[in-house]
Each structure stands twice: as C-alpha cells, then as structure tokens.
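Worksheet: the structure to be examined is printed underneath.
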Amino acid sequence: MENILILSQIIISISILIVWVFRYDNIVIEFEQYGLSSLLRNIVGASKISLATILVIGIWHHEYLFFASTAMAFLMLCAQFFHFRAKNNWRKFMPSLSLLILSLFIASSYY
C-alpha cells in the first residue's frame with residue numbers, strides 16, 4: 001500500500017510539473033477560454049507547483065500529505081467545474097479527474 005501511495009504522489013507531482021511548466025502555453029489558452037484572469041492563473045499555478053512539491057516531500061514526511069492532497073483535490077475539483085462550464089469534451093476532463101481521484105486516495109490514506 002505504501003508503494004501505491006508513493007507512486008500516486010509521484011504521478012501527481014510529475015503531471016503538475018509537465019502541465020504547468022512545459023505545457024504552460026496550453027494553460028494560458030485554457031484560462032482565457034474560461035474567462036479567468038492571468039493573476040488567478042498564476043496563483044493557481046504557484047499553488048499547484050507548491051502542493052506538488054509538498055507531495056514529494058511527503059514521501060519522507062507524512063504529516064504534510066493530508067493538507068497537500070486535500071488542497072490538490074480541491075484545485076482539481078475546480079478544474080472539473082470549469083471544464084464542465086466550458087462544455088469541454090470528456091478528454092479534457094480526464095487528466096484533472098484522474099489527479100482528483102489520486103489526491104483523494106492519498107488524503108483518505110492519511111486522514
């Protein structure tokens with residue numbers, strides 16, 4: 001079980017890094033499509049990168065995992081809301097839905 005939790009933390013962290021660092025142009029387009037400001041985009045990005053970092057630190061310091069995974073789950077739930085509001089197809093929903101499920105799995109394991 002411990003290995004599955006660690007793998008979940010790594011998957012979330014790497015996914016956030018890829019999307020918010022290497023595919024940032026897509027994020028800019030999506031936030032414009034949703035009608036959200038660049039300030040909010042930057043706050044969300046900094047929050048997700050910080051939480052992803054805490055999830056990696058949580059491999060060794062479990063006391064941070066419940067907060068980080070719950071906060072990440074909240075941000076992924078917000079992403080689901082905006083995908084729904086923009087009437088995106090199901091393929092746009094899947095990444096944030098997967099990360100939401102993994103975040104809730106981690107949170108429930110450390111509650």
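For the reader, a short list of remarks on this structure follows.
- Debye log10 I(q)/I(0) for the chain, one point scatterer per Cα, at q = 0.11 Å⁻¹: -0.33
- A viscosity of 1.306 mPa s and a temperature of 10 °C, combined with the Kirkwood radius over Cα pairs in Stokes-Einstein, give a translational diffusion coefficient for region 4-45 of 142 µm²/s.
- Simple Cβ-charge dipole of region 2-109, Lys/Arg +1 and Asp/Glu -1, about Cα centre, in debye nearest 20: 360
- Alpha-carbon centroids, region 72-109 and region 25-39: separation in whole Å: 17
- 0 to 90° range, to nearest 10: angle between helix 38-57 axis and the chain longest Cα axis: 20
- Taking Cα atoms only, the orientation of helix 90-109 departs from the longest principal axis of the chain by about 30 degrees.
Just so you know, all these numbers are worked out from the coordinates, no wet-lab data involved. Computed from a prediction, not measured in an experiment: that's the story for all the values here. Neighbour counts run over all protein chains shown; Cβ positions are idealised from the backbone, glycine included.
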